[in-house]
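These notes concern the structure reproduced below.
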Amino acid sequence: MSTETAVDHLADAEHADTQAVLRYAFEGVPLDPEVARRVDERAARITEQVRRTHGLIDDETFQTLLADDES
């Protein structure tokens with residue numbers, strides 16, 4: 001499998017997972033446990049990346065950042 005094909009496959013898989021989560025959230029379609037596992041794993045990787053980049057943010061600072069975005 002070439003790199004481009006592997007990247008396309010990953011994007012297709014993430015898109016399919018996203019569609020499954022949206023169907024679960026908005027239509028009540030049961031979420032396959034394997035999809036839930038992949039989504040949880042991706043969320044954990046993203047969370048860790050954000051923590052490495054920005055460190056932990058306390059709740060007060062987070063709320064301040066949200067308020068700044070709303071202004």
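Taken together, the values in this text are just the output of simple stated rules run on the coordinates, not laboratory data. From a predicted model like this one, the values you see are computed outputs, not experimental measurements. Cβ coordinates were reconstructed from backbone atoms using ideal geometry, including for glycine residues, and neighbour counts include every protein chain displayed.
Taking each pair of different alpha-carbon atoms in the chain once, compute 1/r for the pair, average those values, and report the inverse of that mean as the Kirkwood hydrodynamic radius in Å to one decimal.
After inverting the mean inverse Cα-Cα distance, the result is 14.9 Å.
Computed from the C-beta positions of THR5 and GLU48, the FRET efficiency with R₀ = 25 Å rounds to 0.35. Taking 0.36 nm per residue of separation and subtracting the current Cα-Cα distance, fully stretching the chain between TYR24 and ARG37 would add 3.2 nm.
Computed from Cα atoms, the angle from the helix 33-54 axis to the main principal axis of the chain rounds to 40 degrees.
Rounded to the nearest 20, the Cβ-based charge dipole of region 2-71 about its Cα centre (Lys and Arg +1, Asp and Glu -1) stands at 260 debye. The angle between the Cα long axis of helix 3-27 and the main principal axis of the chain comes to about 70°, on a 0 to 90 degree scale.
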